[in-house]
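A.B. asks: Before I ask anything, let me first share the structure, which is written out below as structure tokens.
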Amino acid sequence: MFIEPKTDQFRAREGATGWVEVICGSMFSGKTEELIRRLNRALIAKQKVEIFKPALDTRYDHTNVVSHNETSIRSTPVQFANDILLLAGDSDVVGIDEAQFFDDELLHVVRTLANKGKRVILAGLDMDFKGKPFGPMPGLLSTAEFVTKVRAICMKCGGIASYSYRLTDEDQKVMLGEQDAYEARCRNCFYGDS
């Protein structure tokens, strides 16, 4: 479990040390919900917060970040990771949802922001529907100061799930979908049906 330091330690300021937090796991594990929770706490602490998501993610809303349980927070959709550098401004905290969908420049962007004293919080799938590392996530996980892996419930057996099982025959890596196209699976149920 992630334990947040005192609020005054979070406030990014000139000369302050920034850091990177990654929230990862399978679909339906609560990644976005945890991201929203942390960002709302920063807002309560009167920190300047900027939130971004990939423009291609329009499942629940074109602009807001929305969790599966319909919790939401305002965000700015961007096409490319480098757009985040241009829009982060003087924020103390930068939130990024669906990090796996961004281009590989995201790692450079995140390092640059943290080196400028910002707290950077990302949420994303660590593995794709084939159980392989997804997009820039391996690099982000290896350089983050804090990593939180959240888990779902296996829709087949009720165990702890860490895999996103695709229910359709589509083979492209990026395919937006919800419960109609994916379900969370444990290791045994994921590999037993793959």
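The values are calculated or read from the model by the stated rules, or taken from the named source; none is laboratory data. Everything quoted here is computed from the prediction, not taken from an experiment. Because the Cβ atoms are built from the backbone with ideal geometry, glycine has one as well, and the counts that use them run over all protein chains shown.
A.B. asks: For the range 117-131, which positions are assigned to a loop (DSSP other than H, G, I, E, B), out of contact with any Cys (no Cβ under 7 Å at 6 or more places or on another chain) and buried (at least 22 other Cβ atoms within 10 Å of the Cβ)?
C.D. replies: LYS118, PHE129
A.B. asks: Take the conditions farther than 21 Å from ARG37 by Cα and in contact with a Ser or Thr (Cβ under 7 Å, 6 or more places away or on another chain) and apply them to LEU85. Does it pass?
C.D. replies: Against the criterion (farther than 21 Å from ARG37 by Cα and in contact with a Ser or Thr (Cβ under 7 Å, 6 or more places away or on another chain)), LEU85 qualifies.
A.B. asks: Kindly list the number of the only condition in (1) touching a helix residue (DSSP H, G or I) at 6+ places or on another chain (Cβ under 6 Å); (2) among the small types (Gly, Ala, Ser); (3) more than 27 Å from GLU170 (Cα to Cα) that fails for GLY124.
C.D. replies: Result: GLY124 passes all but (3).
A.B. asks: Still on this structure, I have one more. Can you find a residue in the range 123-131 that is within 24 Å of ARG37 (Cα to Cα) and touching an Asp or Glu at 6+ places or on another chain (Cβ under 7 Å)?
C.D. replies: Yes, because at least one residue in the range 123-131 is within 24 Å of ARG37 (Cα to Cα) and touching an Asp or Glu at 6+ places or on another chain (Cβ under 7 Å).
A.B. asks: Give me the residue from the range 26-65 that is touching a Lys or Arg at 6+ places or on another chain (Cβ under 8 Å) and outside any loop (DSSP other than H, G, I, E, B) and, out of that set, modelled with the highest pLDDT.
C.D. replies: ALA42
A.B. asks: What about LYS118, is it within 30 Å of GLY192 (Cβ to Cβ) and of a type in the set (D, E, K, R)?
C.D. replies: No, not satisfied.
A.B. asks: From the residues in the range 34-44 that are out of contact with any Asp or Glu (no Cβ under 9 Å at 6 or more places or on another chain) and surrounded by fewer than 17 Cβ atoms within 10 Å (Cβ to Cβ), which one is farthest from ALA144 (Cα to Cα)?
C.D. replies: ILE44
A.B. asks: Sticking with this one: Of everything in the range 90-110 that's free of Cβ contacts under 8 Å to residues at least 60 places away in the same chain and part of a helix (DSSP H, G or I), which residue is nearest to LYS48 (Cα to Cα)?
C.D. replies: Looking at the filtered set, the residue picked out is VAL109.
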